[in-house]
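Each remark here refers to the structure printed beneath this line.
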Amino acid sequence: MRSKYYKFPLEVGELFKPSISKPKLYTTLLQSLHQNLKLILTTSYGEFRYDHFFGTMVSEFDFTNEEQSGLFERSITESFYNAIAKWEPRLSKVNVSVRFDRRGELLNVEGNRTYRMYIIAKVEGLIHSLNEKYKHELKIFFSPLSE
């Protein structure tokens, strides 16, 4: 029997509908991996009330006033790698690379202009159950430097 993977965000109302097949609740393995990685990598330590060690240290670098150096990227990469190794058991042979995108984007939000910078995280690995390669790139909003 195939495993079922729930979509994020979970539509709780769908749980109580009297249907045998609940397609709005489920997603594919690949989409489930994408969603779980995004959840893991964008959650800060201490943010998840049931396990304060779930997540990464990315928010510790928020609004930093030091130059973004190789140390920044190595620290984030190590944190991402450790979190994925611990919290995503469906992947093995994980490789993570992180790049800080200084170019960012200038956005108009409700008439206000805002500048957003990003961390680009590339995650590669092997999906255990399928013995297939996995590759995904996430663009994670990161605060601008305090310069």
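Quick rundown of the values:
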{"quantity": "Filtered residue count, the range 91-147, keeping only those that are closer than 24 Å to residue 57 by Cβ, at pLDDT below 75 and of a type in the set (Ser, Thr, Tyr)", "calculated": "3"}
{"quantity": "Hits in the range 53-71 (condition: modelled with pLDDT of 80 or more and loosely packed, with under 15 Cβ neighbours inside 10 Å)", "calculated": "53"}
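The values are calculated or read from the model by the stated rules, or taken from the named source; none is laboratory data. In this text the structure is predicted, and so the values were computed from the model without any measurement. When we count neighbours, we look across all protein chains shown, and the Cβ atoms used for this are built from the backbone with ideal geometry, even at glycine.
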